[in-house]
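Below: one structure, written as structure tokens.
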């Protein structure tokens, strides 16, 4: 991941959507959000708590709201970030003109996201997901592995479960469990180095 000192440096390096970012940026700053780089992307926060993140993709630019699930979305413009995301919702743009045409909606959604953050509104709990059968059986047979799995953060546990359960065939799920045991025992997440 490329490191940037600030959003100005990020914009200078952006060759895909700099005009769209430049159109969004004043709407976020004028709302009173603080701007910094987090995860290598422009991030906007309120009192140190993340509210929105700008994400560049091949075919669009996204303004992602961390607690988007709590926003009303009367304009129907928020999209779920992905099938495994819980709270994030995003607005997508393909041109600076599209941002300008949507400025009132963007401003209203940013204002609502800030109000949610100021109120300290908690996210609704994630729907319960059962562990993949193959992972559950292996944990039941190996107390050391079960203890190491329990010591992982909930996000890491979920990532391993999704990795195993997303395989269609039982044999593939078994192989995936075999492949993650050493990482779990080392206390690492699936994508940790």
(request) Compute the acute angle (0 to 90°) between the alpha-carbon long axis of helix 170-185 and the principal axis of greatest extent of the alpha-carbon atoms of the chain; round to the nearest 10°. (result) 80 degrees
(message) Treating region 12-75 as a set of equal point scatterers at the Cα positions, no solvent, please give the Debye-formula log₁₀ I(q)/I(0) at q = 0.23, 0.24, 0.27 Å⁻¹.
(response) -1.08, -1.16, -1.34
(message) Among 34, 142, 15, which one shows the highest mean-square fluctuation when the chain is modelled as a Gaussian network with alpha-carbon springs under 10 Å?
(response) 142
(request) Output the relative contact order of the chain, whole-number percent, from Cα pairs under 8 angstrom with separation of 6+ residues. (result) 15 percent
(request) Quote to one decimal, in nm, the extra length available between residue 181 and residue 136 on full extension: 0.36 nm per residue of separation minus the C-alpha distance between them. (result) 14.9 nm
(request) Tell me the label-point distance for the pair residue 16, residue 57, using the 7 Å Cα-to-Cβ offset, in nm and rounded to one decimal. (result) 1.0 nm
(request) Restricting things to alpha carbons, find the Rg to Rh ratio for region 133-185 using the Kirkwood radius for Rh. (result) 0.93
(request) Multiply the residue gap between residue 30 and residue 151 by 0.36 nm, knock off their C-alpha separation, and tell me the result in nm, one decimal place. (result) 39.3 nm
(message) Cβ neighbours within 10 Å, averaged per peptide: list 16-27, 181-192 in order, most packed at the top.
(response) 16-27, 181-192
(message) Let me check against my output: what whole-number percent is the relative contact order of region 1-57, with C-alpha pairs under 8 Å and at least 6 apart?
(response) 31 percent
(message) What distance in nm lies between label points placed 7 Å from Cα along the C-beta direction at residue 2 and residue 49?
(response) 3.3 nm
(message) From Cα pairs below 8 angstrom and at least 6 apart in sequence, can you work out the relative contact order of region 133-185, rounded to a whole percent?
(response) 48 percent
(message) Let's test the formula: R0 of 41 Å, r as the Cβ-Cβ distance of residue 100 and residue 193. What FRET efficiency results, to the nearest 0.05?
(response) 0.50
(request) Rounded, prolate or oblate: pick one for region 95-161, where a ≥ b ≥ c are the square roots of the eigenvalues of its C-alpha gyration tensor, a/c under 1.5 means rounded, and failing that, prolate if a/b is larger than b/c, else oblate. (result) prolate
(message) I'd like the distance between the alpha-carbon centres of region 46-69 and region 110-168, rounded to an integer number of Å.
(response) 22 Å
(request) Return one number: the angle in degrees, 0 to 90 and rounded to the nearest 10, between the long axis of the Cα atoms of helix 103-119 and the longest principal axis of the Cα atoms of the chain. (result) 50 degrees
(request) Rank 75, 96, 45 by mean-square fluctuation in a GNM of the chain with C-alpha springs under 10 angstrom and give only the top-ranked residue. (result) 75
(message) Apply the a/c threshold of 1.5 to the C-alpha gyration tensor of region 7-119 and tell me whether it is rounded, prolate or oblate.
(response) rounded
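Read-outs: derived from the displayed coordinates by stated rules, not from any lab. What you see is a predicted model; the values in this text were computed from it and never measured. All Cβ positions, glycine included, derive from the backbone under ideal geometry; neighbour counts span all protein chains shown.
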